[in-house]
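What follows is one structure encoded as structure tokens, with my remarks underneath.
Derivation of every value follows stated rules applied to the coordinates shown; laboratory data play no part. Small disclaimer: the values here were computed from a predicted structure and weren't measured. Here Cβ is always computed from backbone atoms with ideal geometry, including for glycine, and neighbour counts include all displayed protein chains.
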Amino acid sequence: MIPGMQAAGGGAIVNFSSISYMMGNAGYAGYTTANGGITAMTRSLAREFGADRIRVNAIAPGWVMTDKQRDLWVTPEGLAAHLDRQCLKEEILPADIVAAALFLASQASRMMTGQLMAVDGGVVVTG
């Protein structure tokens, strides 16, 4: 992937992390460690390949209401409690994550690299 982007004169890499590692929640240390590592890797790769005009950013979604989430884990009480923690009191939909990914892959973000974009309705702000 990198050699192709170098040959093309640049490109964009969009990694996926999660807000979970920023929250300090218990019960899934391996998952949160991996997501913290993705953010660190994103920053290192941005520095490493910036001279080649390759941008590297990451998206950290909050609780996205996919069909699988709704089928397996969402309860009315759990969703209400989660929305109470968000600044924006609406469900995060898959389209919200797609829009962020398209932005980071597009020229609209041409001077962004090494960044983590939290698409979480403001949970990280509120804790």
Only residues that are aliphatic (A, V, I, L, M), under 19 Å from Arg55 (Cα atoms) and either in contact (Cβ under 8 Å) with a residue 60 or more places away in the chain or surrounded by fewer than 17 Cβ atoms within 10 Å (Cβ to Cβ) (or both): list them for region 1-22, please. Met1, Ile2, Ala7, Ala8, Ala12, Val14
When only residues in region 23-38 that are under 17 Å from Val123 (Cα atoms) and more than 17 Å from the chain's Cα centre (by Cα) count, which is surrounded by the fewest Cβ atoms within 10 Å (Cβ to Cβ)? Ala26
Taking only pairs six or more apart or across chains, which ones have beta-carbon atoms under 6 Å, a first residue in region 23-49 that is touching a residue at least 40 places away in the same chain (Cβ under 8 Å), and a second residue that is in a loop (DSSP other than H, G, I, E, B)? Thr39/Ser17; Arg43/Gly114; Ala46/Thr113; Ala46/Gly114
Looking at Leu45 and the list (1) surrounded by 19 or more Cβ atoms within 10 Å (Cβ to Cβ); (2) closer than 25 Å to Gly122 by Cβ, which single condition is not satisfied? (2)
